[in-house]
Structure formats: structure tokens, C-alpha cells
1. Would you mind counting up the charge near residue 246? Only other residues with Cβ under 14 Å from its Cβ, with Lys and Arg at +1 and Asp and Glu at -1.
2. State the percentage of accessible surface on the chain attributable to carbon and sulfur atoms; use a 1.4 Å probe and exclude ligands, DNA and RNA.
3. Using only Cα atoms, locate the centre of segment 239-299 and the centre of segment 317-345, then give the distance between them in Å, rounded to an integer.
4. Please give me the summed charge of the neighbours of residue 277: other residues whose Cβ is under 10 Å from its Cβ, Lys and Arg +1, Asp and Glu -1.
5. Any idea what angle helix 24-36 forms with the longest principal axis of the chain, computed on alpha-carbon atoms, 0 to 90 degrees, nearest 10?
6. Go ahead and run the numbers for FRET between residue 77 and residue 286, Cβ-Cβ distance against an R0 of 45 Å, rounding to 0.05.
7. Based on the mean of other beta carbon atoms within 10 Å per residue, what is the order of 291-297, 94-100, 211-217, most packed first?
8. R0 = 51 Å: FRET efficiency of residue 55 with residue 155, Cβ-based, nearest 0.05?
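The values are calculated or read from the model by the stated rules, or taken from the named source; none is laboratory data. Bear in mind the structure is a predicted one, so any value in this text is a computation, not a measurement. Heads up, the Cβs are rebuilt from the backbone with ideal geometry, glycines too, and the neighbour counts pull from every protein chain shown. The accessibility values were calculated without ligands, DNA or RNA, using every heavy atom of the protein model including side chains. Shrake-Rupley method; radii C 1.70, N 1.55, O 1.52, S 1.80 Å.
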Amino acid sequence: MENFDYNYMEASKKTILITGGAGFIGNHVIRFFLQKYDTYHIVNGDKLTYAGNLENLKDVESSPNYSFEKLDIVDLEAVKAIWEKYNITDVIHLAAESHVDRSIENPAAFIETNVIGTANLLAVANEKWGSGDHRFYHVSTDEVYGSLGETGFFTEETPYDPRSPYSASKASSDHLVRAYFHTFELPIVISNCSNNYGPYQFPEKLIPLMINNIINRKPLPVYGDGTNVRDWLWVEDHASAIDVIFHKGKLGETYNIGGENELQNIELVHMLCDIVDEKLGRPSGDAKSSIKFVTDRKGHDHRYAIDASKIIKQLNWKPTIQPREGLEKTVDWYLEHSDWLNNITSGDYKQYYEKFYTH
Ligand code: NAD
Ligand code: DAU
């Protein structure tokens, strides 16, 4: 992650509201910024939904330039209060309902947090910020572009074509963010990223769900025929991309972020089976025998693939870790953090799992 030819340590003082900082990507972004910038104060504003976990930030919570505030971004007055309390100068907005399957069950929660919540943050930023040096960074997803066939890539010019309530809510929020740039000259940047993986990911998502099930010798539910393709990015590489875009991205612009690491789901699950079997000293092929092809996700997008040449060429960013190495590191982390995994999977998760996978 030190492969960049710039150093922002001389950067001015900022008080950055990072929303959703207790979630999977958010905790990595907070850790990255706290380790790199001692002139910034980071305010983590998070509602602590099922996906938010302060355990994810235990190692940095006592940093002098870090504060946590329990914040629901849907509550406009609460957003204003945080702004006033800290005099927020910049925003990195990650808070969202993020799981596609849950959006199929309950779209309303996604519209509230992802659309209304984003609209609230924009309104307050626009009201409070004058012409000073500010930045509103909206973290979004490649799913806004829809679904690809076997060829082609999403570029920043690909027309939006969201196909799930989750991606439609993120697309709506992207449009709102751009509208504030054009209408009010709010200093915004947006990034649209591919699938992240790594430590601290909630085990509703494919990789940690499979790791947890392999460890516990449970069935491994692969949707459809397993040929859907995702482009996997190591989560710390996403954090480093957010760092460069936050500091060097051109106002009003969008940057696609991706790992250039496409895998079919079934290939990925096979890799995870082999890695976990080997690390647990189980016979080769043991975990694979638990793979079950189950009913497909409704409206399941076939393939996502990112053309990341804009951020690579213009901002000198590149991903650092290939999937095999990243998956090994991820499995090691989950094996070493069995308490974290057990805590997360002991409560509501059981009901969630029962509802989605047993019925
Ligand atoms: P996550 O579900 O792990 O975390 C979301 C966080 O937002 C949680 O801490 C949760 O408590 C918080 N939150 C939810 N509703 C809130 C509300 N109303 N007010 C305040 N906080 C609230 O999600 P993630 O995977 O870390 O994703 C973070 C962001 O990155 C999201 O905007 C997502 O759309 C985007 N993204 C994710 C991926 C990925 O692969 N995970 C890829 C591209 C983009
Ligand atoms: O592309 C970026 C997006 O990646 C983010 O915006 C989302 O927040 C994030 O959740 C992720 O969305 P996906 O739907 O691609 O991720 P998920 O881990 O849910 O699923 C990955 C693939 O694996 C997908 O094709 C569905 C499949 N799958 C998933 C689960 C949970 C299975 O086959 N079985 C499963 O049990």
C-alpha cells in the first residue's frame, strides 16, 4: 500500500465524517486514514445495524483523533447535530444497507438508508459548507451498471441499469450526489467498486459465509449453476483507492475501482474449499462434497467486470493483491478470529440463515 508517489501528511487539518465506519469496508477505511494522517480527525457516524460492529475497530478506538457517534443518517436532525458538534469539513459516505438478498426481502430499508440517508447528508453539507476546501465522497457500487454477458467491462460511461432494489437504491443515491454537484456546485466525487473481500466481512456475503460453513461442516449453498462472475478486490486495496480519490480525484467525477480478478462463483468456492481443507488438515475434496446448488437469487446479475483504467492511469492507483494470496489471508484471518465469527453468528444471524437458506 506504500506504492504511491505522493504523501498527504502535509495536508491541512480536516474533520472527516466517515459514515458506516463500523461496517466491513468502513473499518478498513478508518484504520487506513488514522494510520496515515495524524492531522485529520475522523468521526465515525454509524447506526450499528446488524452489519455494524464496534469490535471491528477495537485496535484503533483509543486513537486521539478518532470519535464514534451512533448516528442514523435517515434522521436529518441527528445529521445536523453531528455537523455542528464537530464542524465537519469532509464526508466519506459508506453507510448503506448493502446485501442484495436482503433488498429482495425488504426493499424499504434500502430506500430509507441508501436514498433518504444520502439525501440528508447532501442537504446538510450543502447548507453548512461555504466556499472553503470541502469534499463529499460517495462510495458506490459497480452494480448500478447492471449485468454483463460473457464479454465487456463497465466503464465510467456505461449507462446505469440497476436490477435489484439494492442497486437501484445505490443508483438513486449516485444521481442525487451528481445532482448536487451540477445544481449547487457541491464538491463531490463518486467511486463505483467491484466485490470486496477480506477480514471483518459479515458472513451473509459469499466468501465469509462459505468459510464459516466449511469450518462448521455445513452445506455450501451455491446459487443457480455457479457460473455467475464477480470481480474480486482485496478490501485494503479499496481503502487505498478511496484515499487517492478523496485527495486527488477531480470534483464532479466518477472513478471505477476493480481488482481485474474475475472468477465464477463455483471456481471461487472450489478455491475456498481447497484452502480451508488444507489449513485444517482435512483430506483433499472434503469440503467440496458439501457444495449444494440451490435455487437462484431472483434477478441474479450474471457478470460484473470493471475497467479500472481511469483510476490506474489518472491517479496512479493499482490493486496489490491477487485472489489466491488474498483468499489465503482471508481464511487465515477467519480461522484466527473464531471468537469474532462465533459472536456474529450466534444471535440474529441464526434466524437470518434459517429464513434464507432453510426455507
Ligand atoms: P456493510 O453492510 O458491511 O456496512 C454498512 C455499515 O453502514 C454498517 O456499519 C451499518 O451499521 C451502517 N449503517 C447502515 N444503515 C445506516 C444508517 N441508516 N445510518 C448510519 N449507518 C448505517 O457494508 P460494506 O460492505 O462495508 O459497504 C460499505 C459501502 O460500500 C456501501 O455503501 C456499499 O454499497 C459500498 N460497496 C460495497 C462493496 C462490497 O463488496 N461490500 C462493493 C462496492 C461498494
Ligand atoms: O459488486 C459490488 C457488490 O458486491 C456490493 O455493492 C454489495 O454490497 C456486495 O454485497 C456484493 O454484492 P454481490 O451480490 O455480488 O455479493 P454476495 O456476496 O451476496 O454474492 C456474490 C455472488 O455469490 C453472487 O453471484 C451471489 C452468489 N452467492 C451468494 C451467497 C450469499 C451464492 O452463490 N451463495 C450465497 O450463499
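1. Overall, the nearby charge balance is +1.
2. Of all accessible area on the chain, carbon and sulfur atoms account for 49 percent.
3. 11
4. Charge balance near residue 277 sits at 0.
5. Long axis of 24-36 versus the principal axis of the chain: about 50 degrees.
6. 0.25
7. Packing order, densest peptide first, comes out as 94-100, 211-217, 291-297.
8. Calculated transfer efficiency: 0.85.
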